[in-house]
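Following: one structure in structure tokens, then a few remarks.
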2 protein chains.
Amino acid sequence: MRETTSRSRKVGDQMVEQIKRWIIAGHVKPGDRLPKEAELLDIFGLSKGTVREALKSLEVQGLVTMRTGPDGGATIAAVPFDRTFQLLQNFFFFREVDLAQIYELRRLLEPELVAGAVPHITEETLRLLEASIDFCAPAAQGPAHALDQRAEDLHFHDILAEANPNEVLRFMCQALNEMLVRSVRLARGVQHDAAFGRANVVAHRKILEALRERDATRARALMLEHIIEAEDYVKRLRGEYLRSLVLESDGPPTIALTPAGRQKAKTATEADDAPPAPSGTRRKPRPT
Amino acid sequence: MRETTSRSRKVGDQMVEQIKRWIIAGHVKPGDRLPKEAELLDIFGLSKGTVREALKSLEVQGLVTMRTGPDGGATIAAVPFDRTFQLLQNFFFFREVDLAQIYELRRLLEPELVAGAVPHITEETLRLLEASIDFCAPAAQGPAHALDQRAEDLHFHDILAEANPNEVLRFMCQALNEMLVRSVRLARGVQHDAAFGRANVVAHRKILEALRERDATRARALMLEHIIEAEDYVKRLRGEYLRSLVLESDGPPTIALTPAGRQKAKTATEADDAPPAPSGTRRKPRPT
DNA sequence: CAATCATATTTATTATGATAATTATTCGAT
DNA sequence: ATCGAATAATTATCATAATAAATATGATTG
């Protein structure tokens, strides 16, 4: 009886697949808009809740963005990097990832990244790289500034990644950089070595020079040296895991839950833990 | 007035974040169960539809799995590889990725992957690798069998990845392999070179031998050679892009949509295209 | 007593309609 | 012409009920 569409048993998921097929077939491209909610109800013959769930799925996957208001609705989007990174971070959250592993990857990828970027370096790229170095060059004025400089150090590599035409390599390097940026943010209060910053500036300057001369081989060698040096610094500073899910808001938890009251969440200053019902225990049945 | 929780405007997303915080804080771990739907309504003070959307979001992200029936509900899950790969594939769909780019990455990563795996190779691993080679060794009996052998060639590398303790490297290599497997599947009908399969078997045998002797350096060198050789073969065979969103079902489209009828979708044998309302056009309003 | 089928119960999913919130557009006043 | 308020279009949320799925339980039968 239920065999008409045995594929994915949930109708909403089938709708998601169908829309994906539209995208694959080229019927809709980024920037195009899906029919509005009411029309989707008719087209798919599903209820509002189901359609809404399907749209939510597409939104979470980064394939559409939703807007309210007139002319609102679902717009097809090229999946943005941030969204993909978030989902990747979800994956790594449950696995043991440490800085050594990330640097092992960077050691393999970054040299090739810069070498492959050389033919595509523009004057604009060189300007951006120089600006990045300039930001990191002066001695840090306070710990917050030092952290900003560390983040900018990593941004230097992002700029390089942009210049490399290999989309996969680019994504991987940027993802690694983003992981490191977040580990820097999480490391507030950790003592940062001023010598580390200076070493980065020196290394980046050398790399920039090689880029100006369009010397891919030298750029690759310098980058390898740079990563190995940075790896050494970072390993000495701190070796802890970096484990976090990506939240939209980085700030402290804001919602204190009132487990039974059916009243709006309110701001909390001290604790966020509204631990869920311990699995296995039974709560008292609520009255009908 | 709406400033109590100005973070992410949508309350459903706030609920998702809150549950992520539970996970981060260690209040819930994979295998634990979330309170059932009715309880979540009370806990968060939200309506059913909103809670349902939030759970859908978590499900799409791979953080929970949903089950029906008594004792059903949402179970926290370690995000599985397949889910993450799907989302990664969404990202690359909108970007120009070709086989050359993937092989450039493999050339960098696979040698290190096998070298790093050497200390962790068990007898069981060796057995699995040998079985994989044995499957690919005999001459292919028909084109379907040849494709299966190509997929198994890649599985050889997956087995190696399993033995490497670097989770990030592992993920990247497996993702690359999975992309190639899919490109093989998409390439039905393409002429496959029997010599390619034989060369793979030879290379895999050599690598296996180095692994038995726990010779990381030789394994690395052999792998590099192997990837370069494979890259050559593949480049000559076909250079097309591999572009596809990952669908739950790989089969042909099954749902023909009845745009206005508000009747259940039914199986279609010929065509899937129910192109969405061209953006901008107006459909006739449906009767209330 | 064991196995099997029917039935009840719990939960998930779908369905429908109403209300609130959000935003582009339009119109009016300065 | 510019700014701002009213308006209209559309999604977001809420509420409730009906339907379907899954499992445990108990009756029935060999």
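Observations
- The conditions of being out of contact with any Gly (no Cβ under 6 Å at 6 or more places or on another chain), assigned by TED's automatic domain parsing to the domain that holds A:Ile227 and on the phi > 0 side of the Ramachandran plot are not met by A:Gly116.
- Single condition B:Gly12 does not satisfy, out of (1) out of contact with any strand residue (DSSP E or B) (no Cβ under 8 Å at 6 or more places or on another chain); (2) without any contact (Cβ under 8 Å) to a residue 24 or more places away in the chain: (2)
- The listed residue being within 15 Å of DNA strand C (Cβ to nearest atom) and within 7 Å of another protein chain (Cβ to nearest Cβ), out of B:Ile76, B:Ile23, B:Ile19, B:Ile43: B:Ile43
- Number of residues in the range A:46-60 that are within 14 Å of DNA strand C (Cβ to nearest atom) and either within 7 Å of chain B (Cβ to nearest Cβ) or assigned to a helix (DSSP H, G or I) (or both) equals 10.
- So A:Gly62, is it on the phi > 0 side of the Ramachandran plot and more than 23 Å from the chain's Cα centre (by Cα): no
- Test for B:Lys10: is it of a type in the set (Lys, Arg) and modelled with pLDDT of 85 or more: no
- Members of the range B:141-189 found to be within 14 Å of chain A (Cβ to nearest Cβ) and part of a loop (DSSP other than H, G, I, E, B), listed by number: B:Asn164, B:Pro165, B:Asn166
- Boolean, B:Lys29 is within 16 Å of DNA strand D (Cβ to nearest atom) and not β-branched (Val, Ile, Thr): no
- Looking across A:Leu176, A:Leu169, one residue alone is touching a Lys or Arg at 6+ places or on another chain (Cβ under 8 Å) and either surrounded by 19 or more Cβ atoms within 10 Å (Cβ to Cβ) or among the basic types (Lys, Arg) (or both). It is A:Leu176.
- Some residue of the range A:50-61 being in contact with a helix residue (DSSP H, G or I) (Cβ under 9 Å, 6 or more places away or on another chain) and away from DNA strand D (no atom under 16 Å from the Cβ): no
- Residue in the range A:62-81 that is surrounded by the fewest Cβ atoms within 10 Å (Cβ to Cβ), counting only those that are in a loop (DSSP other than H, G, I, E, B) and more than 8 Å from DNA strand D (Cβ to nearest atom): A:Pro80
- Residues that are within 7 Å of another protein chain (Cβ to nearest Cβ) and open to solvent by 20 Å² or more (accessible area, probe 1.4 Å), drawn from the range B:82-97: B:Phe94, B:Arg95, B:Glu96
The values are calculated or read from the model by the stated rules, or taken from the named source; none is laboratory data. Small disclaimer: the values here were computed from a predicted structure and weren't measured. Every residue, glycine as well, gets a Cβ built from its backbone with ideal geometry; the counts of neighbours run over all protein chains shown. We work out accessible area using only protein heavy atoms, side chains counted, and drop any ligands, DNA or RNA first. Shrake-Rupley method; radii C 1.70, N 1.55, O 1.52, S 1.80 Å.
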